[in-house]
1. Taking H placed 1.01 Å from N in the peptide plane, check which residues at least 5 places from residue 338 or on another chain put their amide H under 5 Å from its amide H.
2. What distance in nm separates the simple spin-label points at residue 504 and residue 85, each placed 7 Å from Cα in the Cβ direction?
3. Give me the dipole magnitude in Debye, nearest 20, for region 288-329 about the Cα centre, with unit charges on the beta carbon: positive for Lys and Arg, negative for Asp and Glu.
4. Report D for region 9-530 in µm² per second (integer): Stokes-Einstein, Kirkwood Rh on Cα pairs, 25 °C, 0.890 mPa s.
5. When only alpha-carbon atoms count, how far does region 384-522 stretch along each of its three principal axes, as whole angstroms with the largest first?
6. Quick check of the Kirkwood formula: for region 183-291, what is the inverse mean of 1/r over all pairs of different Cα atoms, in Å?
7. Which stretch or stretches of region 73-89 have amide N atoms under 18 Å from the point lying 7 Å from residue 56's Cα along the Cα→Cβ direction?
8. Ranked by Cβ crowding within 10 angstrom, fewest neighbours first, how are 191, 80, 318 ordered?
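What follows is calculated from the coordinates using simple rules that are stated; it is not laboratory data. All figures in this text were calculated on a predicted structure; none of them were measured in a lab. Every residue, glycine among them, receives a Cβ derived from its backbone with ideal geometry; neighbour counts consider all protein chains shown.
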Amino acid sequence: MLKCRKSVTEGGQVKRRNRAGTVILSVTFWLSTNAMADGDMKYIEVHESPSSTVSSKPKRVLNGNMTLHYGVLPESADTVGELFSKGIFYGRLRMNSFYWHWTDPVYPNHAPKEMGVGGSLIYKSASLDHFSFTVGGYASLNPAFFRSPASEVKYAKAGKDTFSRYKVATGGGFGLYVLGQGYLEYHNDTVDLKGGRQLFESVFTKSNDTKMIPNTFDGVSGAVKIAPKTTIRAAWFGAQKLRDHAHSHDVITFKDGSGSAYGKWNNNDDSGGHKGLTYDHFIKAGKSPDHSMYVADIQSKSVKHLKAALSYLQIPGVLKDAVLEAHYTIPLAGTGWAARPGIRYYYQMDDGGAKVAGDTNFLGKPAVENGYNTHVPDSLDSSLFNARLDILMPEKKGFFRLGYSKVADKADIIAPWRGFPTGGFTRAMAQYNWRANTQTWMIRAVYKFNSVWKASIRYAVENFDDNKDYVLSDGNVIHIDTWTNMTKELQMRIRYGHVSADKSTPMMHHPGKMKPDWSYDEFRLEFNYLF
């Protein structure tokens, strides 16, 4: 019998929808998370809960991407009373601060600083006859001395996820308090079942828990171990709750149909989405603005040194995605070093979404007249190829990476679920380099100096399409991270991002106009205390 489950990774209201309450009462299939931390595909297995806790282990530790790795899970229970009494509380106090500065003086540096102070308290019950439940509350407070005024929240950049712009703009004030997790679960050696509000890590969906509150999904999900080192899973999600939202919302619809100036922040307003897929456009096309999302994947490491996955996503009436990913480790005999080449091919298929979006790009701007392929109004078909080569250091001290990505000159890749199609290959902090006809190269190095300090540096060259007027000009990105384990429970992380953008790219279809200089510097300081 396997000892325990793989450690689980954590990581505005639309009133016309109310699926979450029904879903939370469901018990369905679930697989312990497919943690692809920073794009590194990690194999998943289904395991049982531990028969007892191990006091010498930390309850949880932070992964490199700030999600959480459970070291201790509750014991099994024999009675209903023990279901509660043997449960475990997991606490997290955190502070995240952000400072942003545009280089070009044309941009007013409104809202240059933001801060979130708060954390989470999660309770996991014991397992009674393989049934258990989890509930987690999250909070983010915004100290007045280090935040934008309410009148300037629309300018907030990296720190916008520490509060709800919709709530502030409509008079609700700063501060965000949410039910981040709430689900029922059934699990045994072969099957894991889960229903309710949950984290779901896949190539498409991520908790992306790098701010204060994770990205979560309302629905049902599950997995079955179908063969040694091979697992298949599937999920249905009826709603999503982005990090800066107090309530769940549609999985892809932009704006809420209220006609309010703030309606754009009250539905799926993620930067990776498509601003042409609006509530009003769905209604005009005779389609419902409420959508379901279906996700399935199969993962295997049955071949020695090979980790492979095939994933599928569909939002009926909008789009379908298929992703093939594989990474192969080649040990360099006698050295302790290894080479690990990997690929990810992302194929996006139109399923009726193009007719809804019309002739618009990801920003909701006219597409064809501004440089996009003439087929875009008729189809969301597109594709993205990623490749990388990692050189792994001995004793897991770190790695060197060369990454490449290229998007087809068709439609933009649509990905508002925080999965980041180029993540782990060429994406640096705050970069969205999966627009049509974009090519990116990246080099990266990560090194663990000792048990206290680790650092990472990335350099990316992003080549956007100069012919597309509402796509960014080319840019070079430097991104530096450091992690400092001040104690076993307390970690400090410092992040710095610098972008140097091309200042002299003309708009091809607007004579006399130039693409904006989007150069900037960004600083982040984060503290996490686990108890």
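1. Under 5 Å from the amide H of residue 338: 332, 392.
2. Label-label distance for residue 504 and residue 85, simple model: 7.7 nm.
3. Roughly 300 debye for region 288-329.
4. Answer, rounded: 103 µm²/s.
5. Cα spread of region 384-522 along its principal axes, largest to smallest: 57, 28, 25 Å.
6. 15.5 Å
7. Answer for this model: 73.
8. 80, 191, 318
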